[in-house]
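A.B. asks: Just passing along the structure, written as structure tokens.
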């Protein structure tokens, strides 16, 4: 009997069922990818797990599930699925990479290294894998292994700056001198326009005591870049180190007296020495500073009114503590170009540092006409008025300067409020003074001077002595050898009636060797209170010797004589 024509051959139904499962798994996989794209990883995992139930050994699903598990910080599961994906499709480099990346993220560096080794056994030409292996070896603190890996990359023909940069760091870490030299030479070959690597190689030669090779290198650089400040100064230093002082002087003289250089070029060279030098802060090197000044003076010989030369030379003089000369130069620069608030501020500050408070105030106030509300100018104006004894004007400027500060300038805010407190105290506006000191310490509790001045003001008035004691102790804790702070602490003890503690603290102040007339006067006061009039008389005389204008001390001496 002929069977039903529609009956299927054996195995066909099974194949259709399997195909249907695969299709459904694919749809679930796509839905999971969509949820993962939307960062809904829990939903993505649910879809992936359903798909995996239908097709248990599909590497793409295993890999996607590993990625989603990693996003939910389920590291153990992520590693499990990534390893299954790799084992299911070992000829796909991406699955090896995913597993190694997850192992690295989990801090399992030795496992990651084994994964990369297995991968490179199948894909020996995979440069990215070798580079990642080297980075993993570095993370695993295996610098020698990383060096071997990078050198293998080079030997396989991948000669790139990145490899040499990585090797340079590793050679330095392992103190491999030959490797350092080779890496720097390779980087010079790859990046001939970059002056960093020749300088690093020159520094290396110097550190290795290979002065002759360093000189040869810098001479070659100078032929290529005859106007390079860094090359000239380095070569000058090397000549001196080699005992070739004549060549050093000749090189420097030619650099400073370059007949082909313009004033602008001389200024640029000086600025390079002071700002961009690879030799560090020029202020720490007398020859660098002297050379910068010579270059600026050459510019001014050619153009006496060169604003930038005047300003930069003024800045150098300021940093050297030559404030009067600095102020003169900066004001000449302002006559040429008054549109720089920084120059106005530095000129005013130079006058103030030179003890020319009146001129400082005038310059700052003139600058404020051009740049109203400029915080730096307001500060200098405030301090100048304070030094002149113009307390009301100083208080106004300090308040304006504080209002002009940015919200995060707490250190400056503390300093200004501390100075404002002192000004108000001079004006005997003590409620305002106390408030300003409190604001200073709120902005910076470690402002020792504000704590000291606040404590002294309270003690001098005989009010809030417990608070005064806390503040004075804070100031001494912050600067335990400051005679003025010890004096304040001793004075607070005196006001509280603790005479022995006052005497011992004032003795500490005297032992610093920096005691002022105030310390001597207070020690005399304490001695008198303890009944030691001879000592009181001696220390009051010492106070008068240091500050003859202190009439109250003379009154104390007269009172003793009357007794």
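Read the figures in this text as sums done on the coordinates, not as results from a lab. Bear in mind that the values here come from a model prediction, so they are computed numbers and not experimental data. Glycine also receives a Cβ, built like all others from the backbone with ideal geometry; neighbour counts cover every protein chain displayed.
A.B. asks: Gain in length, residue 320 to residue 547, computed as 0.36 nm per residue apart minus the alpha-carbon separation, to one decimal in nm?
C.D. replies: Answer, rounded to one decimal: 78.7 nm.
A.B. asks: Now, a different point. When only C-alpha pairs under 8 Å and at least 6 residues apart count, what is the relative contact order of the stretch 446-511, in percent?
C.D. replies: Over the stretch 446-511, the number comes to 30 percent.
A.B. asks: Here is a follow-up. Along its principal axes, what span do the Cα atoms of the chain show, with the longest given first and each in whole Å?
C.D. replies: 152, 67, 48
A.B. asks: Residue 189 to residue 242: FRET efficiency via 1/(1 + (r/R0)^6), r the Cβ-Cβ distance, R0 25 Å, to the nearest 0.05?
C.D. replies: So, using R0 = 25 Å, E works out to roughly 0.40.
A.B. asks: Grab the DSSP H runs of the chain that are 4 residues or longer, score each as -39,500 (n - 2.57), total them, divide by all residues and round the 222 nm result to the nearest 500 deg cm²/dmol.
C.D. replies: The per-residue figure over the chain is -24500 deg cm²/dmol.
A.B. asks: If you don't mind, there's one more thing I want to ask. Principal axis lengths of the stretch 475-563 from Cα atoms, whole Å, largest first?
C.D. replies: Largest first, the stretch 475-563 extends 42, 26, 17 Å along its Cα principal axes.
A.B. asks: Suppose R0 equals 60 Å. What FRET efficiency, 1/(1 + (r/R0)^6) with r the Cβ-Cβ distance, do residue 358 and residue 208 give to the nearest 0.05?
C.D. replies: 0.55
A.B. asks: So, one more: Grab the beta carbon distance between residue 290 and residue 335, set R0 = 35 Å, and tell me the FRET efficiency rounded to 0.05.
C.D. replies: According to the calculation, E is roughly 0.85.
A.B. asks: So between residue 431 and residue 461, what do we pick up on full extension, going 0.36 nm a residue minus the alpha carbon distance?
C.D. replies: Contour length minus the Cα-Cα distance gives 9.6 nm.
A.B. asks: Let me ask you something else. In percent, what relative contact order does the chain have, based on Cα pairs under 8 Å that are 6 or more apart in sequence?
C.D. replies: Here the relative contact order equals 4 percent.
A.B. asks: Another one. Could you tell me the ratio Rg/Rh of the stretch 286-422? Both radii from Cα atoms, Rh via Kirkwood.
C.D. replies: Over the Cα atoms of the stretch 286-422, Rg/Rh equals 1.03.
A.B. asks: On to the next question. Please list 487-493, 417-423, 399-405, 538-544 highest first by mean number of surrounding beta-carbon atoms within 10 Å per residue.
C.D. replies: For the peptides 487-493, 417-423, 399-405, 538-544, the packing ranking is 487-493, 417-423, 538-544, 399-405.
A.B. asks: Label-point separation (nm) for residue 514 and residue 301, each offset 7 Å from Cα along Cα-to-Cβ?
C.D. replies: 4.3 nm
A.B. asks: Could you sort the peptides 123-134, 304-315, 517-528 by per-residue average Cβ neighbour count (10 Å cutoff), highest mean leading?
C.D. replies: Top to bottom by mean Cβ count within 10 Å: 517-528, 304-315, 123-134.
A.B. asks: Compute for the stretch 516-563: radius of gyration divided by Kirkwood radius, i.e. Rg/Rh, restricted to C-alpha atoms, rounded to two decimals.
C.D. replies: 0.93
A.B. asks: In nanometres, what is the gap between the two model label sites at residue 249 and residue 560, each 7 Å from Cα along Cα-to-Cβ?
C.D. replies: That separation, rounded to one decimal, is 6.2 nm.
A.B. asks: Let me ask another. Based on the mean of other beta carbon atoms within 10 Å per residue, what is the order of 360-368, 329-337, most packed first?
C.D. replies: Most protected by this proxy first, the peptides run 360-368, 329-337.
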